[in-house]
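Below is one structure, written out as structure tokens, with a few remarks after it.
Since every read-out is calculated from the coordinates, none of them should be taken as a lab result. Keep in mind the model is a prediction, meaning the values are calculated, not measured. No Cβ is skipped: glycine too gets one built from the backbone with ideal geometry, and neighbour counts run over all protein chains shown.
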Amino acid sequence: MSRFANPPMHAGTQPPGRSDARKNSGKCKSFSASVLSGLALTTLLATPVFAAPTPAANSGSGSGSGADTVSDTSSGTSTSTNAQDLIAKGRYVAAAADCAACHTLPGSPSFAGGYAFQLPIGTLYSSNITPDKTNGIGNWTEAQFVRAIREGVRPDGAALYPAMPFPSYVRMTDEDLHALYAYFMHGVQPVAQAVRPNGIPWPLSMRFPLTVWRWVFAPSPDAARKSAERSFPTPELARGAYLVEGPGHCGACHTKRGLAMQETALTAEDGPQYLAGGTAVDGWTPPSLRGEPRTGLGAWSVADLTAFLRTGRNMRGSAFGNMDTAVHHGTQYLTDDDLTAMARYLKALPAANKTEQSWQTDPAATRALRAGGKLTNGQRLYLDNCAACHRSTGAGYAPAFPPLAGNPVVMNAAPDSLIHIVLTGATLHGTQAAPSAFTMPGFGNRLSDAQVAAVVTFIRHAWGNDASAVSNVDVARLRKQLTPSTMQSAPPTPVDPAPAQPGSAPQPPEQDVSQDTSKPATTPAPTGHQPSEDALHSAPHPAMKAN
């Protein structure tokens, strides 16, 4: 899941207005020994989370056969068909690895680069990865392409910033990378667009410390292959592990970082810290993807997870922030088999925090909101701004408006995601399986820091959530961090990934009408007859997530 990069939640009422936030950042201090740590921080730029490759690729490695060579058309129709199949497979792998999310600037051609990652050390711009020979990767050989993806080394020998999640991509098979190269060289249109130079000042702009970082923290291809080929109880779990740990690079966001900003675990065999929740990325705090009953996926079923990855929404929550991007560009195009494999693998991960108790509903907040009378400031603000969509029960109108009661994001120890979405709002973009888009407006322009803190504290306390309070200092800090570079519009229209094999994956619609963001989104009311609140929520729904 760079980038499940954040699970779901929402908070608010009126539909119009939108803002979207994304991606990763890092921290860095000085040159010498700390230059290494500082530059390594940029690993946090890896996109969120979730995505996976074609079902035709097994967890083992292998190289493409000569019959698949795209440039060999002398054999006639059969070879041409093989070439097109290889490009289609590569398109699927590109969606699985979420390449478009980082390398496409909204409103610009696909994969032309220019997406800004704002760091404390400066601004990093994603590269042009179209086959343009001047500005892109058109002159790269397949060996150079594979080395960049697996080892983070450019053709000139310079180290890539670990914003490129090569510590995860190193697990990708030879077959997948062969297909990916064919797609980028023969299935992507070249774009003659130069990318802005990185705005990172010397000496932090020097790349040689990154070489040392790579030696210390990134696995070698041989070590990664052995890890990917380890034994699993079933082929389905092996496939799920490959997708999550490899191309999906879920750990880039959902695993905590060490002092040098390296992922403290790269696979499940590295220990319980893997996918146990990450640190804040652009104001979103990626939650645990393990089995915690309150703050992880413990209350989610395999069906809940597959629906979420396919559509960005289910009865327990909806995607926002970086996770909306990951679904929009990647997981919505994966086959049902791949999504189920990912879900089963995640559900097989035990809780890292084994002392956490299950969430239990507490009706006291609902009774207070319905009774009126003398309400706290947080209760009044919730009734005025949030209850129309999320209800006095906190159960929402899923899957359109997600529940807040029992929501893992709401109960996370870090309140950043909840504060962020109240300040800026978010849009859940339509997918091919769920084309309706829903927008929560931001309230930062009309609520003070103290008011935001009051309503967020109420939400975190109510309905049995029992999470810690939020102060106006917390809100002010996050409000200051939310700049245009960390809120770069909505995801662009998907690149139209094709299935790896005919009929193996759903096709996107010819036109994604949900992506027309030139006008304020009109959030449709939930369809069908609406039963009473008490009838709907005799059993409240837990929820979760956002990237």
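Shown here is the pair-distance distribution of region 99-191: with all Cα-Cα distances grouped in 10 Å bins from zero up to the longest one, the shares run 16, 49, 31, 3 percent.
Among 254-264, 221-231, what's the highest-first ranking by average C-beta atoms within 10 angstrom per residue? Walk me through the numbers before you get to the answer.
Values: 254-264: 19.8, 221-231: 15.0.
Per-residue mean Cβ counts within 10 Å order the peptides as 254-264, 221-231.
Can you classify region 297-380 as rounded, prolate or oblate using the Cα gyration tensor, where a ≥ b ≥ c are the square roots of its eigenvalues, rounded means a/c under 1.5, and otherwise it's prolate if a/b beats b/c and oblate if not? Taking the square roots of the gyration eigenvalues as a ≥ b ≥ c, region 297-380 is prolate. In region 213-273, the ratio of gyration radius to Kirkwood radius, Rg to Rh, stands at 0.96 when only Cα atoms are counted. Scanning residues 5 or more positions from Ile200 or on other chains, those with amide H under 5 Å from its amide H are Thr123, with H placed 1.01 Å from N in the peptide plane. For region 331-370, the calculated P(r) over all alpha carbon pairs, in 5 Å bins from 0 to the bin holding the longest distance, is 5, 17, 12, 11, 10, 12, 13, 12, 7, 0 percent. Strictly greater than 17 Å: what percent of every Cα pair in region 289-334 meets that? When all Cα pairs of region 289-334 are counted, 31 percent exceed 17 Å.
Remark: spin-label model distance Thr355-Arg477 equals 2.3 nm, labels positioned 7 Å along the Cα→Cβ axis.
If the segment from Leu259 to Ser108 were pulled out straight at 0.36 nm per residue, it would be longer than the present Cα-Cα gap by 50.7 nm. Summarising the overall dimensions of region 144-290 from its C-alpha atoms, the Rg and Dmax are 16.4, 50 angstrom.
Start at zero, step by 10 Å, and the Cα-Cα distances of region 319-445 spread as 10, 33, 35, 18, 4, 0 percent across the bins. As a ratio to 2.2 N^0.38 Å, the alpha-carbon radius of gyration computed for region 78-131 takes the value 1.47. Placing a pseudo-label 7 Å from each Cα along the Cα-to-Cβ vector at Ala143 and Ala192 gives an inter-label distance of 3.1 nm.
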